[in-house]
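Notes follow the structure.
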Amino acid sequence: MKILFNRRNDALYIKLRGELDEHSASGARREVDRLADLNADCEQAVFDLAEVSFMDSTGIGFLIGRYKKFNRYGVKVYITNPSQTTDKILAMSGVYSLVRKL
Amino acid sequence: MENYMKLEIAAISENESFARSAVAAFALTLNPSLSELSDIKTAVSEAVTNCIVHAYAGGSNVKKVYIECRANKSEEWGELHIQITDCGCGIEDVDRALTPFYTTLKDEERSGMGFTIMQTFMTDFSVKSEKGKGTQVMMSKKIGVAENEELRERVNA
Ligand SMILES: Nc1ncnc2c1ncn2[C@@H]1O[C@H](COP(=O)(O)OP(=O)(O)OP(=O)(O)O)[C@@H](O)[C@H]1O
Ligand SMILES: [Mg+2]
């Protein structure tokens, strides 16, 4: 899994590229948490899932975990562009009640 | 037509991607839609990941996952049967494990939605488990049924 990012004013855009499963999650977790520490002053973080080619329940824990991390810095978190399957998984697990979809 | 395959793999996270792709490739003979294929990959990934993170967490001599698939195809539709087995620690209370959001690994960012996803994404689903012996997940999916119903509706309209 590749993590691409882009800071524009008060917003941090994080693009996840590739497969998000138990194998790839630990690396992604480390990288995104480092980004969160470096961008603690921003107002919102947007996870762009357009290029996530596969995601299972590991992604639920991953996104809720990152939500908690950013939340500690007072940064609002959003999700955008999930695939149909990813959207189904995030909706049924209640992730959108914590992290709004744009 | 009936087709069959069996895979025996090391229970390591490197094999998660291989396992779901292999089953998806096997399922191709049933002409699934992209969304059906995606459902199958997700369900397989859930079951295989559970073997790796739960079944063998306590350490064991044989850390293997066994995947068996059967495909039946008729004129109108197909059916894929998947059996995923481990010889790990087993599940003490299967009913409780199937409850949405129930997890024994909360500290590792697990959400407890794996079994619920398998149930939702597949047509049939069941689990057999014995404490100390292992766990077997059986699931199947009808392929092409939704598409055929859509077609029938259009013809009848
Ligand atoms: N193969 C297995 N061997 C032993 N225990 C298992 C196995 N599969 C599941 N379990 C038990 O059942 C519980 C529920 O599994 P489920 O896949 O629904 O959630 P999870 O794996 O904990 O979290 P998630 O799948 O959302 O990341 C697990 O926490 C674990 O205790
Ligand atoms: Mg699981």
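For the stretch A:75-102, a decrease in accessible area of 30 Å² or greater in the assembled protein chains relative to the isolated chain, with a 1.4 Å probe, applies to A:T85, A:K88, A:I89, A:M92, A:S93.
Overall, the stretch A:2-101 carries a charge dipole of about 220 debye about its Cα centre when +1 sits on the Cβ of Lys and Arg and -1 on the Cβ of Asp and Glu, all other atoms neutral.
Rounded to the nearest 10 degrees, the angle from helix B:15-27 to the longest Cα principal axis of chain B is 20 degrees. Seen against the Cα atoms of chain B and their longest principal axis, helix B:145-156 is set at about 20 degrees. Just the protein heavy atoms count here, and of the accessible area of the stretch B:28-157 at 1.4 Å, carbon and sulfur take up 49 percent. Taking only protein heavy atoms and a 1.4 Å probe, the accessible area of the stretch A:2-101 is 44% carbon and sulfur. Kindly identify residues of the stretch A:3-37 having a loss of at least 40 Å² in accessible area between the isolated chain and the assembly of all protein chains, probe radius 1.4 Å. Buried on complex formation: A:E19, A:E22, A:H23. If you count Lys pairs in the stretch B:2-156 whose Cα atoms are under 18 Å apart, skipping same-chain pairs closer than 8 places in sequence, the total is 13. Less than 5 angstrom separates the built amide H of A:I79 from those of A:F47, A:R100, A:K101, A:L102, all sequence-distant by 5 or more or on a different chain. Helical content of chain B, expressed as a calculated mean residue ellipticity at 222 nm, amounts to -10500 deg cm²/dmol (DSSP H runs of 4 or more residues, -39,500 (n - 2.57) each, divided by residue number, nearest 500). Residues within the reach of a label modelled at A:R8 (point 7 angstrom out along Cα to beta-carbon, backbone nitrogen below 12 Å), restricted to the stretch A:26-61, are A:46.
Between chain A and chain B, the total buried accessible area stands at approximately 1800 Å², from heavy atoms with a 1.4 Å probe.
The mean number of Cβ atoms from other chains found within 10 Å of a Cβ in peptide B:122-132 is 0, as a whole number. Here each label is just a point 7 Å from Cα along the line to Cβ, and for A:Y73 and A:Q44 those points are 1.7 nm apart.
Treating each Cα of chain B as an identical point scatterer and summing with the Debye formula, the log10 of I(q)/I(0) at q = 0.13, 0.16, 0.19, 0.21 Å⁻¹ comes to -0.61, -0.87, -1.16, -1.36.
Taking every C-alpha pair closer than 8 Å and separated by at least 6 residues, the mean separation divided by the residue count of the stretch B:2-156 gives a relative contact order of 26 percent. Summing Cβ point charges (Lys, Arg +1; Asp, Glu -1) relative to the Cα centre of the stretch B:2-156 gives a dipole of roughly 340 debye. A 1.4 Å probe run over the protein chains yields, for the stretch A:2-101, 47 Å² of accessible area per residue, whole-number rounding. In chain A, the longest principal axis of the Cα atoms and the axis of helix A:57-72 are about 10 degrees apart.
Computed from label points 7 Å out along Cα-Cβ, the spacing between B:D95 and A:D37 is 4.6 nm. Over the stretch B:2-156, accessible surface divided per residue gives 51 Å², non-protein components excluded, 1.4 Å probe.
Projection of the Cα convex hull of the protein assembly as shown, averaged over all directions and equal to a quarter of that hull's surface, yields 15.4 nm². Viscosity 1.567 mPa s, temperature 4 °C: what is the translational diffusion coefficient of the stretch A:2-101 from Stokes-Einstein with a Kirkwood Rh over Cα pairs, rounded to a whole number of µm²/s? Rounded to a whole number, D works out at 98 µm²/s.
Accessible area per residue was computed with a 1.4 Å probe on protein heavy atoms; A:Y78 scores about 40 Å².
The values are calculated or read from the model by the stated rules, or taken from the named source; none is laboratory data. For clarity, every value in this text was computed on a predicted model and none was experimentally measured. Note that each Cβ is placed from the backbone with ideal geometry, even for glycine, and that neighbours are counted across all protein chains shown. The protein model used for the area step is the full one, side chains on, heavy atoms only, and it has no ligands, DNA or RNA in it. Shrake-Rupley method; radii C 1.70, N 1.55, O 1.52, S 1.80 Å.
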